[in-house]
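Asker: A single structure is presented below for examination.
Quick note: the coordinates plus some simple rules give every number you see, no bench work behind them. Please read these numbers as outputs of a predicted model, since none were measured by experiment. Cβ placement follows ideal geometry from the backbone for every residue including glycine, while neighbour counts extend to all protein chains displayed.
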């Protein structure tokens, strides 16, 4: 993601490009559109980054809750796959229920966070035991 200084530099580049040329009203509108595009792209990057950070924090919180509940888990690959499959089954169930009852959508989302957290736990175990 670009820093504010990098975005500012991009905008100054656009201004400089149009100042070097003979300015007419069409050029000014083009420069304005280019600068608006730069700012919109940056806003989209920030929004996307915030969303990802929020989701990753939820996964991190779920991992913490799992460790508090179960302690450090060091299962073999097959046991981990069974745990992940069980969690994925809960996602499927919540998805099906959400088709008939919109209140299940939050349950569906919660189950997805749990699947992601279990996958992270699997990777942690793998890294810990290699």
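Asker: Sorted by mean Cβ packing within 10 Å, highest first, what order do the peptides 104-114, 90-100 take? Each step should come with its number before you reach the end.
Answerer: Details: 104-114: 16.5, 90-100: 13.6.
The peptides rank, most packed first, as 104-114, 90-100.
Asker: Something else about it: Give me the Kirkwood hydrodynamic radius of the chain, using the inverse of the mean 1/r over all pairs of distinct Cα atoms, in Å to one decimal.
Answerer: Details: mean 1/r = 0.0532 Å⁻¹.
Kirkwood hydrodynamic radius for the chain: 18.8 Å.
Asker: Run a plain Debye calculation on the range 73-130 (Cα atoms as equal point scatterers, no solvent) and give log10 I(q)/I(0) at q = 0.15, 0.18, 0.20 Å⁻¹, rounded to two decimals, same order as the q list.
Answerer: Result of the Debye calculation: -0.47, -0.61, -0.69.
Asker: Ok, one more. Using Cα pairs closer than 8 Å and at least 6 residues apart in sequence, work out the relative contact order for the chain, in percent.
Answerer: Numbers: 65 pairs, mean separation 31.6, N = 130.
Computed over the chain, the figure is 24 percent.
Asker: Taking the Cα centroid of the range 92-130 and of the range 34-82, what is the distance between the two, rounded to the nearest whole Å?
Answerer: 12
Asker: Let me ask another. Helix 104-128 against the longest principal axis of the chain: what's the angle in degrees, Cα atoms only, rounded to the nearest 10?
Answerer: With rounding to tens, the tilt is 80 degrees.
Asker: Is it possible to state the helix-based mean residue ellipticity at 222 nm for the chain, with each DSSP H run of 4+ residues giving -39500 (n - 2.57), the sum divided by total residues, to the nearest 500 deg cm²/dmol? What is it? Spell out each step's value before the answer.
Answerer: Details: 4 runs with 112 residues, N = 130.
For the chain, the value works out to -31000 deg cm²/dmol.
Asker: For residue 95 and residue 41, what is the calculated FRET efficiency with R₀ set at 35 Å and r taken between the beta-carbons, to the nearest 0.05? Each step should come with its number before you reach the end.
Answerer: Working: r = 33 Å, r/R0 = 0.95.
The formula returns an efficiency of 0.60 here.
Asker: Using 7 Å Cα-to-Cβ label points, what is the residue 9/residue 84 separation (nm, one decimal)?
Answerer: 4.0
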